1. For segment 96-198, please list each of the helices (runs of 4 or more DSSP H) lying entirely inside it that holds at least 3 residues being free of Cβ contacts under 8 Å to residues at least 24 places away in the same chain.
2. Is segment 187-199 home to any residue that is in contact with a strand residue (DSSP E or B) (Cβ under 7 Å, 6 or more places away or on another chain), loosely packed, with under 15 Cβ neighbours inside 10 Å and modelled with pLDDT under 90?
3. Scan segment 136-168 residue by residue and report those that are surrounded by 19 or more Cβ atoms within 10 Å (Cβ to Cβ), in contact with a Pro (Cβ under 9 Å, 6 or more places away or on another chain) and modelled with pLDDT of 85 or more.
4. May I ask you to list pairs of residues, at least six apart or on different chains, whose Cβ atoms are under 6 Å apart, with the first in segment 66-83 being outside any loop (DSSP other than H, G, I, E, B) and the second being among the basic types (Lys, Arg)?
5. Restricting to segment 19-30, give me the number of residues that are within 12 Å of residue 64 (Cα to Cα) and modelled with pLDDT under 95.
6. Go through segment 1-48 and give me each residue that's among the hydrophobic types (A, V, I, L, M, F, W, C) and part of a helix (DSSP H, G or I).
7. Which of the residues that make up segment 40-57 are buried (at least 19 other Cβ atoms within 10 Å of the Cβ) and either hydrophobic (A, V, I, L, M, F, W, C) or closer than 16 Å to residue 25 by Cα (or both)?
Amino acid sequence: MIKLKSPVIVEGKYDKITLENVIDALIIPTNGFSIFKDTEKCRMIRALAQRYGVVILTDSDSAGNMIRAHIKNIVGDCEIYNVYVPQIVGKEKRKEGYGKERLLGVEGMTPDILLEAFKKSGITGEALPERKDKITKTDLYFCGLSGGENSGLRRKELLKKLDLPQNLSPNAMLDILNTVITKEEFYEVTREWQNSQGKN
């Protein structure tokens with residue numbers, strides 16, 4: 001398994017599921033063409049790219065190329081690592097028929113093919129610094145962001161302050177937070193936000 005500090009952008013949730021068997025990284029699905037209108041997710045991708053660079057892994061068809069081009073436009077001059085899967089004729093098991101171009105997408109690739117694709121792009125993995133003090137669900141609960149009255153609303157407000165998508169679940173929020181800030185920074189930002197809201 002390859003460990004990466006750069007987030008990996010894929011098209012859909014099934015691509016993400018497939019890729020989770022190959023890499024240890026933050027994987028962000030664009031949900032297809034909805035990324036063209038999802039300004040919150042675009043801002044999040046740009047912010048992550050500015051700090052860590054970004055890996056783009058889309059299907060090798062025309063739709064995938066359009067999404068890849070859009071992601072490149074979003075991140076601008078940030079470091080981009082392009083990974084391409086081979087064009088293999090076939091269909092995914094969960095689908096009844098072939099796609100428009102009769103090509104397998106990322107979700108239809110085997111782990112060996114995906115690992116080879118990363119290798120060809122010069123990505124062989126890197127050691128990630130272990131964070132001994134990760135932000136946990138307990139921290140979210142303690143800060144009133146999970147499991148309490150109005151916690152969903154508070155979570156949305158804090159995510160807005162951090163310029164992150166406001167519809168993140170607590171688990172997705174943890175994934176993002178543990179990528180972009182430390183536990184100490186989380187409590188500092190949370191305290192500042194709570195004070196600005198007049199909350200104890």
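The values are calculated or read from the model by the stated rules, or taken from the named source; none is laboratory data. Because the structure is a prediction, the values reported are computed rather than measured. Because the Cβ atoms are built from the backbone with ideal geometry, glycine has one as well, and the counts that use them run over all protein chains shown.
1. Numbers: elements: 111-120, 137-142, 151-161, 170-180, 183-197.
Because the criterion is at least 3 residues that are free of Cβ contacts under 8 Å to residues at least 24 places away in the same chain, the helices (runs of 4 or more DSSP H) in segment 96-198 that meet it are 111-120, 137-142, 151-161, 183-197.
2. Pass one, segment 187-199, residues in contact with a strand residue (DSSP E or B) (Cβ under 7 Å, 6 or more places away or on another chain): none.
No: segment 187-199 contains no residue that is in contact with a strand residue (DSSP E or B) (Cβ under 7 Å, 6 or more places away or on another chain), loosely packed, with under 15 Cβ neighbours inside 10 Å and modelled with pLDDT under 90.
3. The answer is 140, 145, 146, 155.
4. 74/46; 75/46
5. 0
6. First, pick out the residues of segment 1-48 that are among the hydrophobic types (A, V, I, L, M, F, W, C): 1-2, 4, 8-10, 17, 19, 22-23, 25-28, 33, 35-36, 42, 44-45, 47-48.
17, 19, 33, 35, 36, 42, 44, 45, 47, 48, listed by residue number.
7. First, pick out the residues of segment 40-57 that are buried (at least 19 other Cβ atoms within 10 Å of the Cβ): 41-42, 44-45, 48-49, 54-57.
Within segment 40-57, 42, 44, 45, 48, 49, 54, 55, 56, 57 meet the criteria.
For (1) hydrophobic (A, V, I, L, M, F, W, C); (2) touching a Ser or Thr at 6+ places or on another chain (Cβ under 7 Å), each residue gets a yes or a no:
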| position | (1), (2) |
| --- | --- |
| 100 | no, no |
| 103 | yes, yes |
| 177 | yes, no |
| 182 | no, no |
